[in-house]
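Notes follow the structure.
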Amino acid sequence: MKKSKFLAVLLVICTIASMVMGCSANKTASANEAADSKTSEPKNRLEEIIARGYIEVATEPYFAPYEFIDPSKSGNEQYVGSDIKLAQYIADELGVELKIVPLEFSAVLSSITEGKYDLAISALSYTPARALAMNMSKGYYFSSSGNDHGLLIRTEDAENIKTSEDIKDKVIVAQSGSLQELFVNEQVPGYKEFKRVSATTDGFLMVQEKKADVCATSIPTAQLYIEANKDSGLMIVEGFKFFVDEKTSGTRIGIPLGEEELTDKVNAIIDEVVKSGTFEQWHKEYSEYAKSLGL
């Protein structure tokens, strides 16, 4: 009888011990799984992009030949241009899908400073303020003259507006948040009124419709517009260009601040397309493409 009781007690103890060890093992396994899960989480935005399988690129699609809309297409395919080609190339190099996010230019900038999207590829130029708010890539397109920012006016004003000094009694317009807006603020000594628009082409139309007298603009973009709209009565002021510091020239990509791994990867891709002349070729191709659409 005593032996039977002893065996029964021993059986209970063994059962309890087994349960305790089992729980401990389960806790250890759960802890290990949690640790493994934590280890596999993306450490930076580059890893996050690859893990999710797509990259989101913000752009203002009204700045040919960098980015513009082909009305014969729809969805992501309607966005074309040398910048869009670069965005697709980056996505392909990362092995992910490209998602274009069309925004007004000022929203393109804020979306990157707020970290909402992965890249801003929208013919961005370097400014000290932008460099403080976001990482900026290496330059990937440089105009042959090194400076291609000037003034668009009506041909009837050719004799009246030859320099920025002649704008003191005129209405000038520029795209909000653009480098041209900065030029007006810093390099135009005076004006009657300064208007901002969401797209540069809106500025061209304002001058054409006599709602403004002058538009601060990228010269190649203005030339494309004039060539496509031969009856617009518009022209570029000859012999005038805004001053651009050569150290900060070139078109760049905006990247959320502090994302060094993504910046390094983007810069490596830029080195490749610049050295091979690939981006220069894209730019020429899409300049012709924009002309064929009448942009």
If we ask which residues in segment 149-168 are among the hydroxyl-bearing types (S, T, Y), open to solvent by less than 60 Å² (accessible area, probe 1.4 Å) and either part of a loop (DSSP other than H, G, I, E, B) or farther than 24 Å from A123 by Cβ (or both), their number turns out to be 1
Inside segment 239-287, the number of residues satisfying the requirement of being open to solvent by 50 Å² or more (accessible area, probe 1.4 Å), farther than 26 Å from K116 by Cβ and free of Cβ contacts under 8 Å to residues at least 60 places away in the same chain is 7
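Matching residues to (1) open to solvent by 60 Å² or more (accessible area, probe 1.4 Å); (2) at pLDDT below 95; (3) in contact with a strand residue (DSSP E or B) (Cβ under 6 Å, 6 or more places away or on another chain); (4) under 18 Å from M134 (Cβ atoms):
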position: A58; (1), (2), (3), (4): no, no, yes, yes
position: F63; (1), (2), (3), (4): no, yes, yes, no
position: D83; (1), (2), (3), (4): no, no, yes, yes
position: I90; (1), (2), (3), (4): no, no, no, yes
position: L103; (1), (2), (3), (4): no, no, yes, yes
position: V108; (1), (2), (3), (4): no, no, yes, yes
position: S111; (1), (2), (3), (4): no, no, yes, yes
position: G115; (1), (2), (3), (4): no, no, yes, yes
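What strands (runs of 3 or more DSSP E) lie completely within segment 187-295 and have 2 or more residues being under 24 Å from K85 (Cβ atoms) and not acidic (D, E)? Even if it seems obvious, please write down each step before you answer.
Values: elements: 193-197, 214-218, 234-236, 251-256.
Result: 214-218, 251-256.
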All-but-one check, V171 against (1) of a type in the set (A, V, I, L, M, F, W, C); (2) in contact with a Phe, Trp or Tyr (Cβ under 9 Å, 6 or more places away or on another chain); (3) open to solvent by less than 10 Å² (accessible area, probe 1.4 Å), failing number (3)
Taking segment 128-148 and keeping residues closer than 14 Å to I253 by Cα and surrounded by 16 or more Cβ atoms within 10 Å (Cβ to Cβ) leaves R130, A133, M134, N135, M136, S137, G139, Y140, Y141
Of the residues in segment 203-215, those that are buried (at least 16 other Cβ atoms within 10 Å of the Cβ) and not hydrophobic (A, V, I, L, M, F, W, C) come to G203, Q208, D213
When Y191 is run through (1) open to solvent by less than 30 Å² (accessible area, probe 1.4 Å); (2) without any contact (Cβ under 8 Å) to a residue 40 or more places away in the chain; (3) hydroxyl-bearing (S, T, Y), the failure sits at (1)
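Residue-by-condition table, conditions (1) at pLDDT 95 or above; (2) in contact with a Cys (Cβ under 7 Å, 6 or more places away or on another chain); (3) at negative phi:
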position: T200; (1), (2), (3): no, no, yes
position: F204; (1), (2), (3): yes, yes, yes
position: V214; (1), (2), (3): yes, no, yes
position: P220; (1), (2), (3): no, no, yes
position: A228; (1), (2), (3): no, no, yes
position: M235; (1), (2), (3): yes, no, yes
position: T251; (1), (2), (3): no, no, yes
position: E259; (1), (2), (3): yes, no, yes
position: Y289; (1), (2), (3): no, no, yes
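The values are calculated or read from the model by the stated rules, or taken from the named source; none is laboratory data. Note that the coordinates shown come from a computational prediction; the quantities given were computed from them, not determined experimentally. Because the Cβ atoms are built from the backbone with ideal geometry, glycine has one as well, and the counts that use them run over all protein chains shown. Each accessible area value is taken on the protein alone, full model and side chains, heavy atoms only, with ligands, DNA and RNA left out. Shrake-Rupley method; radii C 1.70, N 1.55, O 1.52, S 1.80 Å.
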